[in-house]
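To keep things clear, I will list the structure first and then write my remarks on it.
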Amino acid sequence: AVMFENERDYFYALISDGMGTGSSAAFSSGVSSLFLEKMLMAGNRTATALRMLNGVLRSRAGAREIECSATVDLLEVDLLTGVASLIKSGAAPTYVRRTGDIFRLHSNTVPIGILNALDAHKTKLEVSVGDVIVMVSDGVIDAAEDTDGGECGWLPDLLSHEWEDNLSRMAKKIIGRAQSVGGRDDLSVIIMRVGEY
């Protein structure tokens, strides 16, 4: 999980989770986050950076005949216009909290590095001052899924009824709840509040 701003006045928040377990999963997520941060800091377009990352992961997987893929959950905010985009490739849903209402944003895509062509979904967001954006890894979402295979409802409920304005404390509360309901995978949370620039 990383957050950064480039010289072209774009802000980025990224969660990348390597598929599989152990060192190969850690490698995939590490390469993905570092590669995207360097490419976007240099001013490259997100689509270009993601296509290149897909090629890098696929070439490593092909050369070693191993799985080398990672989810990408990337928020891009143009700090001059206030226009935001959410780009997802195999990533968990993102939640937006606006004046107490909770909105869930998701995509049906596969992680980066699996397919020859990039499979990513871009959603434009109309953000307003005071909006809170909550990005989580799939380990948070998968904790205590409903028995019918659907997503559990504890996270939207937590964001609605147990909200705290201290974002650091709120992130710790989300991770603690995921652990208490059986979360066994990596747990990452990024929470941002939209403010004046």
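Assorted remarks:
- In terms of its Cα atoms, the chain spans 49, 44, 24 Å along the principal axes, sorted from long to short.
- Taking 0.36 nm per residue of separation and subtracting the Cα-Cα distance, full extension of the segment from N108 to D185 would add 25.7 nm.
- Solvent exposure, largest accessible area first (probe 1.4 Å, DNA, RNA and ligands not counted), of S59, S137: S59, S137
- Spatial offset of the stretch 33-60 relative to the stretch 90-141 amounts to 19 Å, using the alpha carbon center of each.
- The apolar share of the surface of the stretch 27-106, taken as the fraction of accessible area on carbon and sulfur atoms (1.4 Å probe, ligands and nucleic acids excluded), comes to 55 percent.
- Of the residues R58, R193, ranked by 1.4 Å probe accessible area with the largest first, the sequence reads R193, R58.
The values are calculated or read from the model by the stated rules, or taken from the named source; none is laboratory data. None of the values given here were measured: they were computed from a predicted structure. Heads up: the accessible areas ignore ligands, DNA and RNA and are worked out on the full protein's heavy atoms, side chains in. Shrake-Rupley method; radii C 1.70, N 1.55, O 1.52, S 1.80 Å.
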